[in-house]
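The values are calculated or read from the model by the stated rules, or taken from the named source; none is laboratory data. Owing to the predicted nature of the structure, the values given are computational and were not obtained by experimental measurement. We place every Cβ from the backbone using ideal geometry, glycine too, and count neighbours over all the protein chains shown.
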Number of protein chains: 2
Amino acid sequence: MNRIENKNKEYFSDKFQRTALQVQEAQAKLITNAAPLTAEEVPLNQSYGRYLAQAVYAPHPFPAFNRSSMDGYAVIAEDTEAAGNGHVVWLEVAEVIPCGAVASRDITPGTAARIMTGAQVPAGADTVIKLEATESRVDSGITYVGIYTPQKAGEHITPIGLELEAGAMVLPEGKLIGTGDIAALAALGVANVPVRRIPKVAIIATGTELLEVDEPLAPGKIRNSNSPMLEALVREAGGEPVMLGAIVDDLDLARSKVQMALENYDLVITTGGVSVGDYDIMGDLIREQSGEMLFNKVTMRPGSVTTSAIRGGTILLALSGNPGACFVGFQLFARPVIGLMQGAAQPYLPEWTALLGAEYKRANSYTRFVRARLEIREGTVYAFPAAVDESSVMVTIKDSDCLIVIPPDSGQLSYGDKVTVLKLPGEIRG
Amino acid sequence: MNRIENKNKEYFSDKFQRTALQVQEAQAKLITNAAPLTAEEVPLNQSYGRYLAQAVYAPHPFPAFNRSSMDGYAVIAEDTEAAGNGHVVWLEVAEVIPCGAVASRDITPGTAARIMTGAQVPAGADTVIKLEATESRVDSGITYVGIYTPQKAGEHITPIGLELEAGAMVLPEGKLIGTGDIAALAALGVANVPVRRIPKVAIIATGTELLEVDEPLAPGKIRNSNSPMLEALVREAGGEPVMLGAIVDDLDLARSKVQMALENYDLVITTGGVSVGDYDIMGDLIREQSGEMLFNKVTMRPGSVTTSAIRGGTILLALSGNPGACFVGFQLFARPVIGLMQGAAQPYLPEWTALLGAEYKRANSYTRFVRARLEIREGTVYAFPAAVDESSVMVTIKDSDCLIVIPPDSGQLSYGDKVTVLKLPGEIRG
């Protein structure tokens, strides 16, 4: 009973009277401490999902040559002018140009070259006639192509630099590399891609109540679902999770483990131990230690107790132990930090306007981030708030495509009202 | 010149007069040949991005016990009825229940238990009073809690089974496992997750014109951008790419390499060699070999030459060598096959209705899949077609969020017209 007797007014006021920051204020404090990590080069085939450490410019025009877009004959347009009205123009086929080959001679008036899709159009030729629109005959060992209709210059030729001029910016710094980017990098000869080092993110859970996933249930205990969820979230955000296990509510143990993590990893995320109970060791730990406290209360639901501090230059982010609050706290705070460390140009969740798919009554004095499903109906985006949205609720996380942002004191919101939503990673399957 | 002389009417009619299938018809032929692979179990932390091989049901209710959602005191609501109007009800604090602990005795009238957020509410108690709404005093070694206002039963208690009843389906078969699913699986003790084996997908490029990414440009040649793009696309779709390199336009070499791939991998994707030129070896290969031809022409742009056959039970999918057509062909045909092999419930690209962000004039007799950017403006989805959309164009792939489906003979489409779009993987950054 000693701990209860020891409570006094200072203890309570310290725990309860935290200075609350707005979400954007808290994010701003984190941003200034989340510098991009060092750049490195990775082989192109390992670059998917990484962020470009510098802009990529075209070292040459693309296409690099005038390219035939048809199988047919490269000719001089002027030579075809006499064709038509039953008159066939016959041109001598000087050679055959497969893809990847180069003509041995220029096209001169009266000659043509058989050319394949994708091959370089020979000098002199200014148009390509489709194979199907021609016929061929051989006379004294010489092949001739017959052309029935006149054709303008430039047809079926993709000109040099159509897609990219030399020196053009192809991909900006900080871009998340996707499949189309890989095609562009390959075409331009970028075999090694400049990216930022992947942040190593330590994950620590606190709580005497926690069981491992493979342990049988025991009275009063719950399985630790936050650590596996955070592991997947860190990976989804591009980081490398380092699992440091769950620790019981022991201040000494927590102190030494957190200190070790801060010294060895780029970011330390904890879950649990930040509310106002007797065993909220992360709160105690952050209060007792030296170093800069960034915030220990945010005007948001769920996750108002989200806490962050800097120790030796490294961010310690203490998320709520409530699964819903842990998830929201990760998306609002950890995700942008992990993105910024990789130099991401757009580290935050995309922000959309959507229409409420159902009424929502729970507005209160803090900004609420409500888990919701999205549906696109006839070109309009609807957001359907989860029926049960307590911070402790875990099961609705899996069904959510976005977080609806409900500003403080919104009053009752109705079907069709416009709301801001933060799009969560992944495809909408409504 | 021999090859040109050898051309005759049968050759032309065979190459040009293919029987064209609609996209859905071609997809249907593939589906019947894309059976789910065998199931296997993977540790929970490797299950992200896999597809569930069977539905998961809750083995126990969740929460598994009546859980306190506050730090405070577990009491009997009836005991608090006398509180209020200056009268404080004092209850004897029988014990302290931290998270993870279980009360040693029931709560009886006149008694209370100090309880932490997340702890199991002791039998007898039916409400939890917030710590901040109480005071405590010690008298003769016994601790008492003082209560100022009456409180109803059920407050601050999350009842057993609120989120999930025992036996409830938590996740359906074929679901793509995301971060929220991992939390649910962890909470329910699913340490090993039933998923389908990852399909091994062989990727072969054809073309004498192809350079490796790290080779310097040479006249008439292009770097092979399709193979790295396909490698990333296969991985994005959940498959394991197996890179079999680029082969020059040599029928014998192609035959033996494709045969080897068909015998060793779950799916074989080639790019190039399927149009109507002289060196279109994939077309020649498929014509000459025994086995079932699924299709060799699809009424779509780009990628009408997309070809598929079955050899020894394995799908051979021959995509166009044009980057834009290769990309579209992958998304329409390869992606669903790779998904179905993993048992995906939703193997196709999500289909949305959007409003055209700009006029579009290029409708023709085939269905056109136009690369486009998406923007969400005030709750409405707009699709902006890429300015240059030739099948040969590579650079617009990276800027595309979706493919606009333009049905045949649509005529000119205007700003604001409703169109169907196929959402490509990844986040919209409009």
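Hey, can you tell me all the residues within the range A:70-107 that are of a type in the set (Gly, Ala, Ser), surrounded by 18 or more Cβ atoms within 10 Å (Cβ to Cβ) and part of a loop (DSSP other than H, G, I, E, B)?
Matches in the range A:70-107: A:ALA83, A:GLY100, A:ALA101, A:ALA103.
Would you check which residues across the range B:117-147 are surrounded by fewer than 17 Cβ atoms within 10 Å (Cβ to Cβ) and either in contact with a His (Cβ under 9 Å, 6 or more places away or on another chain) or part of a helix (DSSP H, G or I) (or both) and list them?
B:LYS130, B:GLU132, B:ALA133 - these are the residues of the range B:117-147 that are surrounded by fewer than 17 Cβ atoms within 10 Å (Cβ to Cβ) and either in contact with a His (Cβ under 9 Å, 6 or more places away or on another chain) or part of a helix (DSSP H, G or I) (or both).
Anything in the range B:374-413 that is touching a Lys or Arg at 6+ places or on another chain (Cβ under 6 Å) and of a type in the set (Phe, Trp, Tyr)? List them, or say none.
B:PHE384
Could you tell me whether the range A:351-366 includes any residue that is polar (S, T, N, Q) and closer than 30 Å to A:THR38 by Cα?
no
Identify the residue in the range B:310-338 that is of a type in the set (Gly, Ala, Ser) and surrounded by 24 or more Cβ atoms within 10 Å (Cβ to Cβ) and, among all such residues, is nearest to the other protein chains (Cβ to nearest Cβ).
B:GLY321
Step by step: first the residues of the range A:339-369, then only those that are within 14 Å of chain B (Cβ to nearest Cβ) and among the aliphatic types (A, V, I, L, M), then the one that is nearest to A:GLY272 (Cα to Cα). Which residue is that?
Restricting to residues being within 14 Å of chain B (Cβ to nearest Cβ) and among the aliphatic types (A, V, I, L, M), the top hit is A:LEU349.
Test B:PRO59 against the stated conditions and say whether it is more than 12 Å from chain A (Cβ to nearest Cβ), in a loop (DSSP other than H, G, I, E, B) and either more than 39 Å from the chain's Cα centre (by Cα) or not acidic (Asp, Glu) (or both).
no
Checking the conditions here, which among A:PRO336, A:PRO347 is in contact with a Pro (Cβ under 9 Å, 6 or more places away or on another chain) and without any contact (Cβ under 8 Å) to a residue 24 or more places away in the chain?
A:PRO347
Identify all residues within the range B:20-48 that are crowded, with 19+ Cβ neighbours inside 10 Å, within 14 Å of chain A (Cβ to nearest Cβ) and closer than 30 Å to B:LEU316 by Cβ; write none if there are none.
None; the set is empty.
Where residues in the range B:413-430 are aliphatic (A, V, I, L, M) and in a loop (DSSP other than H, G, I, E, B), which of them is farthest from the other protein chains (Cβ to nearest Cβ)?
Selected residue: B:LEU424.
Has the range A:271-292 got any residue that is surrounded by 18 or more Cβ atoms within 10 Å (Cβ to Cβ), modelled with pLDDT of 90 or more and either within 26 Å of the chain's Cα centre (by Cα) or over 19 Å from A:ARG18 (Cβ atoms) (or both)?
yes
Take B:LEU171 and tell me if it is in contact (Cβ under 8 Å) with a residue 60 or more places away in the chain and not assigned by TED's automatic domain parsing to the domain that holds B:GLY329.
Taking the combined requirement at face value, the residue satisfies it.
Would you be able to tell me the number of residues in the range A:231-254 that are surrounded by fewer than 18 Cβ atoms within 10 Å (Cβ to Cβ) and over 34 Å from the mean Cα position of the chain (by Cα)?
Residues that pass the stated criteria total 5.
Pull up the range B:148-171, narrow it to residues that are touching a strand residue (DSSP E or B) at 6+ places or on another chain (Cβ under 8 Å) and acidic (Asp, Glu), then point me to the one that is surrounded by the most Cβ atoms within 10 Å (Cβ to Cβ).
It comes out as B:GLU163.
Is it the case, given these coordinates, that B:ALA372 is under 22 Å from A:GLU378 (Cα atoms), among the small types (Gly, Ala, Ser), more than 9 Å from chain A (Cβ to nearest Cβ) and not in a loop (DSSP other than H, G, I, E, B)?
Taking the combined requirement at face value, the residue satisfies it.
Select, from A:ILE247, A:ILE222, A:ILE269, the only residue that is of a type in the set (Val, Ile, Thr) and either within 19 Å of B:MET70 (Cα to Cα) or assigned by TED's automatic domain parsing to the domain that holds A:ILE397 (or both).
A:ILE222
For the range B:177-190, indicate whether the set of residues that are charged (D, E, K, R), modelled with pLDDT of 95 or more and surrounded by fewer than 20 Cβ atoms within 10 Å (Cβ to Cβ) is non-empty.
Looking through the range B:177-190, none of the residues is charged (D, E, K, R), modelled with pLDDT of 95 or more and surrounded by fewer than 20 Cβ atoms within 10 Å (Cβ to Cβ).
Please report, ordered by residue number, the helices (runs of 4 or more DSSP H) entirely within the range B:172-281 with at least 1 residues that are more than 8 Å from chain A (Cβ to nearest Cβ), in contact with a strand residue (DSSP E or B) (Cβ under 8 Å, 6 or more places away or on another chain) and among the charged types (D, E, K, R).
B:251-264
Hey, any hits in the range A:391-412 for a residue that's away from every other protein chain (no Cβ under 11 Å) and over 27 Å from A:ALA20 (Cβ atoms)?
no
Only residues that are under 22 Å from A:PHE330 (Cα atoms) and either surrounded by 22 or more Cβ atoms within 10 Å (Cβ to Cβ) or at pLDDT 95 or above (or both): list them for the range A:408-425, please.
A:VAL419, A:THR420, A:VAL421, A:LEU422, A:LYS423, A:LEU424, A:PRO425
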